[in-house]
Amino acid sequence: MTNISLAIWTNIQTFVSRLREEHGQDTLEWALIGGLMAVALVAAFLILRPEIVQMATNMGACVDFDSTSPCIAGP
């Protein structure tokens, strides 16, 4: 083999071995899962926003520390 052929062959083998490495793959997978969960939470909040606001309003009405609270005590 000539020097150029040997250099090309070495570069190809190095490239192929780097493609087979799994270093850092777990970190990328966890980052993708975290990103997907964040998108799902934001979407759920945007879809359920009126219900969440109503729930917060009802909870605020229950925390009045009066004996005339309209809230019903749970079991």
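Overview of values
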read-out: Whole-Hz couplings from phi, Karplus 6.51/-1.76/1.60, listed for the stretch 13-20; x for Gly and Pro; value: 5, 5, 4, 5, 5, 5, 5, 7
read-out: Cα centroid separation, the stretch 1-17 to the stretch 24-46 (Å); value: 39 Å
read-out: For the stretch 36-45, Karplus couplings with θ = phi - 60° (6.51, -1.76, 1.60), whole Hz, Gly/Pro x; value: 5, 5, 5, 5, 5, 5, 5, 5, 5, 5
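Every number in this text was worked out from the coordinates using simple rules, so none of it is lab data. All values derive from a computational prediction rather than experimental measurement.
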